[in-house]
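Structure first, commentary second.
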Amino acid sequence: RVMAFYYPWYGNPDVTGRWFHWSEGGHDPSRSDARGRPDIGATNHPLLGPYDSHDRRVIEQHLAWAGQAGIDVLIASWWGQGDFTDRALASLLDAAAATPVRIAFYYERVPDDQPEAFIDDILYIVERYGDHPGLFRHNGAPVVFVYARALSQIPRETWQSMLARVRAQTEVQLIADSTDVSWAD
């Protein structure tokens, strides 16, 4: 499968009511930069301009482009229950269900570095989105990628028991990323 990371954390005043993420680093998207483009906190300027990740037309266009590029799965950044990205994921999953592209979660951070919060978040993801037709599954189980930052927030020796507790309550495939090869064990 071909997978790509996707960041549904962008907002603009027309859809969400305020700039979200585009104004990072002191940028002001309501102003123009030296080239006449919106002054956004991003390396590249998107073809759609400073879009909103909750805009259904934007989501559908992104999914169409992903499909045209041969992408099977978008690994979408998720920052927690009720977060801007959580709300965006619901629309993304709905739109993906009408395409061949599927969505996996990219778990970005463990709230307050608490193992219980991680367990609660994974159970929430599976309970709320686990049966959604737009969700990517492997061997029938929802897939959640765990970002290296989240991995490092919990002591290594705690992960084994956390994973056992999650697996005792639900079926989920967890894939973590790290440049530390000792995690492979």
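Restricted to helices (runs of 4 or more DSSP H) entirely inside segment 55-162, those with at least 3 residues that are in contact (Cβ under 8 Å) with a residue 60 or more places away in the chain are 84-96. The one condition from (1) at pLDDT below 95; (2) open to solvent by 70 Å² or more (accessible area, probe 1.4 Å); (3) closer than 17 Å to residue 80 by Cβ; (4) not hydroxyl-bearing (Ser, Thr, Tyr) that residue 151 does not meet is (2). When each of 27, 21 is tested for being on the phi > 0 side of the Ramachandran plot and either surrounded by 13 or more Cβ atoms within 10 Å (Cβ to Cβ) or in contact (Cβ under 8 Å) with a residue 12 or more places away in the chain (or both), the lone residue that passes is 21.
Quick grid of which residues meet (1) touching a Lys or Arg at 6+ places or on another chain (Cβ under 8 Å); (2) crowded, with 19+ Cβ neighbours inside 10 Å:
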| residue | (1), (2) |
| --- | --- |
| 38 | yes, yes |
| 52 | no, yes |
| 55 | no, yes |
| 69 | no, no |
| 78 | no, yes |
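With more than 18 Å from residue 58 (Cβ to Cβ) and open to solvent by 60 Å² or more (accessible area, probe 1.4 Å) as the only criterion, which of 127, 108 stands out? Only one candidate qualifies: 127.
The values are calculated or read from the model by the stated rules, or taken from the named source; none is laboratory data. Predicted model, so just to flag it, every value in this text is computed and none were measured. As a convention, Cβ positions derive from the backbone with ideal geometry for all residues, glycine included, and neighbour counts pool all protein chains shown. The area values use the complete protein model at the heavy-atom level, side chains included, leaving out ligands, DNA and RNA. Shrake-Rupley method; radii C 1.70, N 1.55, O 1.52, S 1.80 Å.
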